[in-house]
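One structure is given here, and the rest of the page talks about it.
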Amino acid sequence: MPRPMPRGGKPTLNKNVLGRLLKMLAEFYPVMLPVTIVCILFSSIASAIPDMYIQRVIKVITDAFDNGWSWETAKEKIFPMMVTLVVLYVVSIIAVTLYTQLMAFITQGYLNKMRQSMFKRMQNLPIRYFDTHKHGDIMSYYTNDIDALRQLISQAMPTLLRAGTVVIVVFFLMLYYSLWLTLITVVGVIAIMAVSGKMGGGSAKYFIRQQESVGKAEGYIQEMMNGQKVVKVFSHEQTAQKQFDEINEELCNDAFKANTYSSILGPVVMNIGNILYVLLAVVGGLLVLAGVNNPSIYALVNHQTILDVSIVVAFLNMTRQFTGNVNQVAQQINAVVMALAGAERIFALMDEEPETDEGYVKLVNAEIAPDGTITETEKHTGHWAWKHPHQADGTVTYSELKGDVTLDDVDFEYEAGKPVLHNITLYAKRGQKIAFVGSTGAGKTTITNLINRFYDIADGKIRYDGININKIAKSDLRRSLGLVLQETNLFTGTVMDNIRYGKLDATDEECISAAKLAGADDFITRLPEGYQTLLTGNGSNLSQGQRQLIAIARAAVADPPVMIMDEATSSIDTRTEAIVQRGMDKLMEGRTTFVIAHRLSTVRNSDVIMVLEHGRIIERGSHDDLIAKGGVYYQLYTGAFEMS
């Protein structure tokens, strides 16, 4: 997570963030970026040089009056300077046009690559990350924080480079023409810098808070959108509104203070520049009238020791340009701060530890000979085998994928010091149906999460076909497991696309067969477009039960040797459940199946029923055995106490 900034504290930006951004920018565009920088520098220098020519033109005119030159003589001296100025401006226009087009390309390309990098990294993060971070806040990385980077790259950085170059060039031109007038300008610049530092610091602090508040607000909105039905059924609209108002008020205050500082900064700096302009005009005029010596490089080169009007007029233009560009630099402080705050949040996501996978045992297509010999093949045979390379001697062995799962004395905790499972030991052979029952929080779902390696165990062993699952590559392990959850996730696309999600190369016929097996074909064929009906908003145009049937069909088309049903029929009515149960029974034939159910009628035919309480298995046996014992299962089944 990004480091939180204490309320009332100072910004906590990582100083390496800007360097990291620039390094990535240079790596993405090693040719375009230098070309763009050259164009910006050239256009900046070209915009600063004209003041030299203005001074020369005024000097020629004053010399013409003092020496009685004819107009033709003055024109001959002025014309080449005017031509040079026109050429400079034309080339500057070309450079500006080129760099603006290049910056547009670089900016959008950079953001595109950043989003790709973020999404790729997010795909590799463990489930734990998404369980502990608000989804709305994660979404704000892709929207607000990326948009802040867009402002930095497309606007702030070119402006800072251009304005900074102009400031440096103009400052040296000032030193070239007059030391006294430059010293007055330096005093004004010190005042501008002091004001910018004070106001910019306050603005930066609140802009960082604004970024954090935006993420907090989006996280809350996302939660409310997902839970809107719950909000309404419990009539919590007013409470939700009140909580949102508090979060929104916090965001409003942070944004107000940030923009107040930002809005004041520009006019204050500009007016300091105006005061400096007037001061220079007055002092410069007095120095000219007094005939004061003008210590400068210009005086040495041109043998002119006395300050004259041409220098003062040119200096006033340079001062206006100097303070205007200093103001532009000050104005970009907020964009830089917001971008760095957003970048730090983005890098916090990209720097999260990815899901580790030390597994080296792979799942491969196999041909199994009558004598049991296993041969790896590229074609799909319907048979799978574990490819197990042995590092000790370099040999490779193959073992048939059967679906035998064993947990041996497993302990687990989500948080250190808070154990969730204690000494869980069980085995499931191919074709067996294992059911978990117990109260909420007993650890039923946690066991299935461990089999999938969504989380890793603290102690003990989990073996799959006799292989420690830590040795099996996670993608191959999960490919051999079918999972149907209580909460269904459907993606934008057709019904066929959502079923095919379980096996991307499945044919339409395979998808339809899976739907029939799950009992979903009947309602799908009655949809407006049948299997080609478009689903949006997590299948909001379907009932919860229909969505669940599609999820079961998705698992069925994958045809895995091990199925995990986590409250898979909880959202289906009793009549539909009977239909689905028949399909599920067919689906479970020959497969190892783990079932979590609150309707105990659905687990009666299980080979083994395990009763969990406080993370421990307290009873195990068949339905008849457990009823005969008259223990906790008997109480659950007969309704002696209600299971949540």
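What follows is calculated from the coordinates using simple rules that are stated; it is not laboratory data. If you're wondering where the values come from, they're calculated on a predicted model, not measured in any experiment. With ideal geometry, Cβ positions are generated from the backbone for all residues, glycine too; neighbour counts draw on all protein chains shown.
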Point to revise | Kirkwood-based Rg to Rh ratio, the chain, C-alpha trace | key: 1.18
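Beyond 17 Å, what share of the Cα-Cα pairs of region 177-228 is found? Please give it as a whole percent. Walk me through the numbers before you get to the answer.
Values: 829 of 1326 pairs.
Looking at region 177-228, the distances longer than 17 Å represent 63 percent of pairs.
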Practice item. Treat each spin label as a single point 7 Å out from the Cα along the C-beta direction, and report the K471 to V283 distance in nm. Key: 8.3
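Hey, with R₀ at 45 Å, roughly what FRET efficiency would I618 and D245 work out to, going by the Cβ-Cβ distance, to 0.05? Write down the numbers at each step before the final one.
Details: r = 47 Å, r/R0 = 1.05.
Approximately 0.40, to the nearest 0.05.
Could I get the Rg over Rh figure for region 420-465? Both from C-alpha atoms, Rh via Kirkwood, rounded to two places.
Working: Rg = 11.0 Å, Rh = 11.9 Å.
Answer for region 420-465: 0.93.
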Practice item. Measure out, as a whole number of angstrom, how far apart the alpha-carbon centroids of region 595-629 and region 340-360 sit. Key: 41
Review point. How far is the Cα center of region 250-305 from the Cα center of region 489-564, in Å?
Key: 70
Practice item. Take R345, R582 and order them by how many other Cβ atoms sit within 10 Å, fewest up front. Key: R582, R345
Review point. Can you give me the pair-distance distribution of region 151-267, C-alpha pairs, 10 Å bins, whole percents?
Key: 12, 25, 24, 16, 11, 7, 4, 1
Review point. Semi-axes of the equivalent ellipsoid of region 329-397: what are they in whole Å, largest first, if each equals the square root of 5 times a C-alpha gyration tensor eigenvalue?
Key: 54, 15, 8
**Study point:** Sequence of E400, E415, E487 once ranked by neighbouring C-beta atoms within 10 Å, starting from the fewest
**Key:** E415, E487, E400
Check your understanding: For region 362-480, what is the convex hull volume of its Cα atoms per residue in Å³?
Key -> 129
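Taking region 101-193, how much of its Cα-Cα pair set, in percent, is spaced more than 22 angstrom apart?
On the way: 2354 of 4278 pairs.
Of the Cα pairs, 55 percent sit more than 22 Å apart.
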Point to revise | Inter-label distance, nm, simple model (7 Å from Cα along the C-beta direction), R575/T305 | key: 11.3
Exercise for review: Pairs to check: K387/K429; K232/K444; K387/K503; K362/K461. Give those whose C-alpha atoms are more than 23 Å from each other in this structure.
Suggested key: K232/K444
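Taking R0 as 35 Å, what FRET efficiency do you get between V292 and V83 from their Cβ-Cβ distance, rounded to the nearest 0.05?
Working: r = 35 Å, r/R0 = 0.99.
My answer for the efficiency is 0.50.
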**Study point:** Per-q log10 I(q)/I(0), region 405-638, q = 0.14 Å⁻¹ (Debye; single scatterer per alpha-carbon; no solvent)
**Key:** -0.91
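Among DSSP beta bridges lying fully in region 405-638, give the percent that are antiparallel, nearest 5. Walk me through the numbers on the way to the answer.
On the way: 21 of 39 bridges.
Among the beta bridges of region 405-638, antiparallel pairing accounts for roughly 55 percent.
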Practice item. Go through M565, V632, Q243 and say which Cα lies farthest out towards the positive end of the charge dipole of the chain; charges sit on Cβ, +1 for Lys and Arg, -1 for Asp and Glu. Key: Q243
Check your understanding: Can you tell which of Q544, I618, H388 lies farthest toward the positive end of the dipole of the chain, using +1 and -1 charges on the Cβ of basic and acidic side chains (Lys, Arg; Asp, Glu)?
Key -> Q544
Point to revise | Size of charge dipole - the chain - debye, nearest 20, with Cβ of Lys, Arg +1 and Asp, Glu -1, no other charges | key: 1360
Practice item. Find out how many positive minus negative residues lie around E367, taking Lys and Arg as positive, Asp and Glu as negative, among other residues whose Cβ is under 9 Å from that of E367. Key: 0
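Have a look at the DSSP beta bridges in the chain and tell me what percent are antiparallel, nearest 5. All intermediate terms of the calculation are to be shown ahead of the outcome.
Values: 34 of 53 bridges.
That works out to approximately 65 percent antiparallel.
Summing -39500 (n - 2.57) over the DSSP H runs of n ≥ 4 in the chain and dividing by its residue number, what mean residue ellipticity at 222 nm do you reach, to the nearest 500 deg cm²/dmol? Provide the component values of the computation, followed by the final result.
On the way: 23 runs with 375 residues, N = 644.
Computed ellipticity for the chain at 222 nm equals -19500 deg cm²/dmol.
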Review point. So what are the three principal axis dimensions of region 448-577 from its Cα atoms, in whole Å, longest to shortest?
Key: 51, 31, 25
Exercise for review: Please work out the C-alpha center-to-center distance from region 387-446 to region 140-167 and express it in whole Å.
Suggested key: 51
Check your understanding: Please state the Cα pair-distance histogram of region 145-185 with 10 angstrom bins from zero: what percent is in each bin?
Key -> 27, 30, 22, 16, 5
Point to revise | Cα pair count fraction exceeding 38 Å, expressed as % - region 16-350 | key: 35
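For each of W180, W384, count neighbouring Cβ atoms within 10 Å of the residue's Cβ, then give the residues from fewest to most.
Numbers: W180 16, W384 23.
Fewest-to-most ranking of W180, W384: W180, W384.
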Practice item. Can you figure out the FRET efficiency of D409 with V230, using R₀ = 51 Å and their beta-carbon distance, to the nearest 0.05? Key: 0.85
Study note, to complete from the structure: Using the Kirkwood radius over Cα pairs of region 202-349, the Stokes-Einstein translational diffusion coefficient at 4 °C and 1.567 mPa s, in µm²/s and rounded to a whole number, is 65
